[in-house]
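The values are calculated or read from the model by the stated rules, or taken from the named source; none is laboratory data. Treat the numbers as computed from the prediction; the structure is a model and nothing was measured. Because the Cβ atoms are built from the backbone with ideal geometry, glycine has one as well, and the counts that use them run over all protein chains shown. For the accessible areas, the whole protein counts, side chains as well, though only heavy atoms, and no ligand, DNA or RNA atoms are used. Shrake-Rupley method; radii C 1.70, N 1.55, O 1.52, S 1.80 Å.
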Amino acid sequence: MVRALMVGLTICLVAGATAGWAQDATAELPVPPADGVWRFDFGSADTPVGEGFYAVAPGTAWDADRGFGYTEGRARTTAFDQNRRVIRDVLVLDDVTRDGIYGGTPFRVDLPDGAYRVVALTGQYSRPGANRPDSHFREYSITAGDQVVFEQDASPESFYAPDGRYFANYYRDWHPDVNLYEANIDRWIPWAETTVQVAGGSLEVTASQYAPINALLIFPEGSAAGEAAVESLSNQQQAFFNAQYPWRQRQPERETPEPPTAMADAGAAIWVRQGADDLRPATRPIPQDFGRPMRLFASPGEREAGVVAVLPLRDLAGPVDLIASDLAGDAGTIPAEALDIRYVRYGEYPVTDGYEVRPHYLVPWRPDRMEEGLTRGFRVDLFTPEDAQPGNYEGTLTLSAADADIALPLQVRVLPLELPMSRLYAGVYAGDLASTTFRHYRMFAEAPRELIHEALSSRMHFLADQGFTGLFDSLGWYPLEFGADGQITTTDTWDYYMDVFRLADSIPEFSETISPYYLGGPQMFPKVPGFLGRAQAVKLPIDEIVFTDEAIDGMTRMLTFLYDQVRSEDLPELVFYVQDELGNDGAKGARYGRELLKALNVCRERVPGGFRTCISALRSSIAREYLDEADIVMPNAAFPVTGATIDELRDHGCTLGLYNMGATRFSYGFYPWRVGAINRAQWSFSYDGDSRDPFEALPSGARVSCDCHFTPDWEVLPSIGMLNQREGVDDYRYVQLLEELLARAEGTPAAGGEAARSAREVLDELSAAISRDYLDPANNWDRSTMDYWRWRVARAAIDLQAELG
């Protein structure tokens, strides 16, 4: 990290000296350079130096014999090296680009007077850890004499502008001829140059506090050798990076069957697929796919989706679009606008010795071309109007390109059902804005509040529109502290807390209960005198992991303030999410969880109205130590979640929740219904690109996310994983509806009727088909199995509702 005490770097090039180079790395290089091109590679003393470059390390001191180096001064240089190979954090750049130096004292080298080109390579693509490098979002400049070499306006407004660096790759599509270095790295480590007149035997190149310098090339104006050196390094950067990632093209999964004449004449084959997550360039149809309609069934207000695959039989000039018609039926019309059609935008994912292509985003824009033989696709998402009348509707989906039009039938059945809001509090967690889109504490703190609110509101409304009723966002650190007089005061973070609470209250899906993630971790209490944090606790002997009376008193006062504010505005119930995966810290983690819950239980006895707690658990052996103190316990798949462990939780008086069971439809619908869970949260994984480029997967890869990002207009850009989970929530709502209809039937003649009997049989059979042991192979349901059960439940609900009248 660049510290605040670092000051500007001044590089002085001074004429006259011809001393040799003392460091082994460049001992063979003559001074001055024989071709007149000064090449400086900045970095640490233990990183490789580019061939033909003079090494510049923080300890490179200037002296007259050497002829260049850092002068004496109080300012420190700080070197960085970006190259690393760890799990989900890989970056390998060439020897010159990989490293650099922030800050420092003046740097000098002998140089005759004259006109010179000064070329700088400046930037840091990423750094280890979760935060962005300072060079991404700090203002900085590099000047040579009175000329500006590079100047960056990195305010949040400019960074997140539609044409800013954050959204620069939003519109980039994948094509086989992609230059991966240009697409992924180039704009984060840009080149900059200027012409400067050296007079009096010296030139000063000055870098401001947050200006990284990876390399400098300085040569006389008009030097062919200098221009060739810059071009050579640029080519080397691209060749080195791109050589690591050749496209590992898969063979087509099967031979393409003969398409219908209309498709052959139009130059593309199109067909319906179940999902987008397994779409690949090598995907191919089977003969029965051709001409099959897209068939969807949904209830009013429900979303239901399908995928259209497109295999160009020749190169298609764009824009390539999929256009929906209105849907007409005896009961009326569903307008084309009810269909949200998104292009399945591919991304490059690293694999051994190269990259492969996978779906990465569902974008609203359209591709400008499609290459022959490479399958792509569109996702068609029907948002069934609330006032849509039950019945069958028909329309078309038309693939349109510059010289091609192909129609595909679309059939929709609207069911005579009204789905209830899910009683399962299902959602994603760790997807808060500070940990994702605005992923640096300074960026989040300095971004305009209106922008933060716009993104927050857009995301929360989108989650609700998809049917999610669980809100688990992290809220940020240190909302409260104690002033000099011992009274509680609020921080800027508190305003964000209240913004989240008030927005949740305005959205029906979240107005009842919210469970912000990890409040009992680093968020709420670190400013409490004597509070024992998790990192501190694991360093203590296990029997010394306790909470003092002083700490419990301070925690109580903060919680009283928090709940007084929430309840004074009648905001949603705030379930206090305590901690996450204490099993990572072994027995000490278990003890810490027990003592923290005990302390919180004392607090809630003192807080007017009390509160509920929840805690997510990694291992049953660890959780057993704190089960007697817990309210809602959320085990994950590794716990393991079995009938026995579920019974054990309930025997201790705990309420069952579920988290980190996989971003799957089954785990968001049929399974939590089967085991009677109160909530279902999944770590969003954010996008790993939040600390670099959010719209790219190279070079580190990007895990399958179940959260969302944004378009340049701050509309939600959903992940495929999130929409798969949405389908699970809808499965749950269908089963919930059937149970509610059976409850309505109780005490009426319909309770003994055929429809009610059949409904009970369906629920019994569904329950028997699902194992309480989550990882039982019997629970490996594919989409067709889940669709089958949803339809059986829906059919039973239709019949019972008709009998109830």
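Taking Cα centre as origin and charging only the Cβ of basic (Lys, Arg, +1) and acidic (Asp, Glu, -1) residues, the dipole magnitude of segment 52-165 rounds to 520 debye.
Straight Cα distances below 18 angstrom link LYS527 to the aspartates and glutamates GLU481, ASP485, ASP492, ASP495, ASP549, GLU550, ASP553, with same-chain residues fewer than 8 positions distant left out.
For segment 279-354, carbon and sulfur atoms together expose 50% of the accessible surface, with a 1.4 angstrom probe and every protein chain in place. Pair-distance distribution P(r) for segment 735-805, from all Cα-Cα distances in 10 Å bins starting at 0: 20, 46, 24, 10, 0 percent. Accessible area per residue for the chain, computed on protein heavy atoms with a 1.4 Å probe, is 38 Å². Other residues within the sphere of radius under 12 Å centred on the Cβ of GLY67, judged by their own Cβ, net out at -1 (K and R +1, D and E -1). Taking every alpha-carbon pair under 8 Å whose residues sit at least 6 apart, segment 666-800 reaches a relative contact order of 25 percent. A Förster radius of 41 Å, combined with the Cβ-Cβ distance separating THR748 from ASP465, puts the computed FRET efficiency at roughly 0.75. The equivalent ellipsoid that matches the C-alpha gyration tensor of segment 296-411 spans semi-axes of 30, 17, 10 angstrom, in descending order. Within the shell of other residues whose beta carbon sits under 12 angstrom from the beta carbon of TYR496, the net charge comes to -3, with Lys and Arg scored +1 and Asp and Glu -1.
Taking 0.36 nm per residue of separation and subtracting the Cα-Cα distance, full extension of the segment from GLN288 to ARG502 would add 71.8 nm. Ranked by the mean number of other Cβ atoms within 10 Å of their residues, highest first, the peptides 413-426, 658-671 fall in the order 658-671, 413-426.
With R₀ set to 56 Å, the beta-carbon distance separating SER771 from VAL148 gives a calculated FRET efficiency near 0.25.
Relative to the present Cα-Cα distance, how much length would full extension add between GLU761 and ARG413 at 0.36 nm per residue of separation?
122.8 nm
Could you tell me how many degrees, from 0 to 90 and to the nearest 10, lie between the Cα long axis of helix 720-745 and the main elongation axis, the longest principal axis, of the Cα atoms of the chain? Helix 720-745 sits at roughly 20 degrees to that axis.
The alpha-carbon of LYS598 sits under 16 angstrom from the alpha-carbons of these lysines, leaving out residues fewer than 8 places away in its chain: LYS588.
The stretch between GLU386 and TYR478 holds 28.9 nm of extra length on full extension. This uses 0.36 nm per residue minus the Cα-Cα distance. Ranked by solvent-accessible area (1.4 Å probe, protein heavy atoms only, all chains present), the residues LYS539, LYS527 order from largest to smallest as LYS539, LYS527.
Peptide packing for 314-321, 95-102, 507-514 was compared via the average number of neighbouring C-beta atoms within 10 Å per residue; ordered from the highest value, the list is 95-102, 507-514, 314-321. For the pair ALA336 and GLU258, what calculated FRET efficiency results from E = 1/(1 + (r/R0)^6), where r is the Cβ-Cβ distance and R0 = 51 Å, to the nearest 0.05? It comes to 0.95. Spin-label model, ASP647/GLU372: points 7 Å from Cα along the beta carbon direction are separated by 6.5 nm.
In this rough spin-label picture, where each label sits 7 Å from Cα along the Cβ direction, the GLN536-ASP564 distance is 2.5 nm.
What number, rounded to the nearest 500 deg cm²/dmol, is the helix-based mean residue ellipticity at 222 nm of the chain, given -39500 (n - 2.57) per DSSP H run of at least four residues and division by all its residues?
-8000 deg cm²/dmol
Where both bridge residues fall in the chain, DSSP classifies roughly 75% of the beta bridges as antiparallel.
Modelled spin-label separation between HIS453 and GLU573, with each label point placed 7 Å from Cα along the Cα-to-Cβ direction: 2.9 nm. Have a look at GLY104, VAL675, MET558 and report the one farthest towards the positive end of the charge dipole of the chain, computed about the Cα centre with Cβ charges (Lys/Arg +1, Asp/Glu -1). Among GLY104, VAL675, MET558, the one farthest towards the positive end of the dipole of the chain is VAL675.
Highest mean packing first, where packing is the average number of other Cβ atoms within 10 Å per residue, the peptides 391-398, 693-700 line up as 693-700, 391-398.
Under 17 Å from a label point set 7 Å out along the Cα-to-Cβ vector of ARG624, the amide N atoms of segment 649-665 belong to 649-654.
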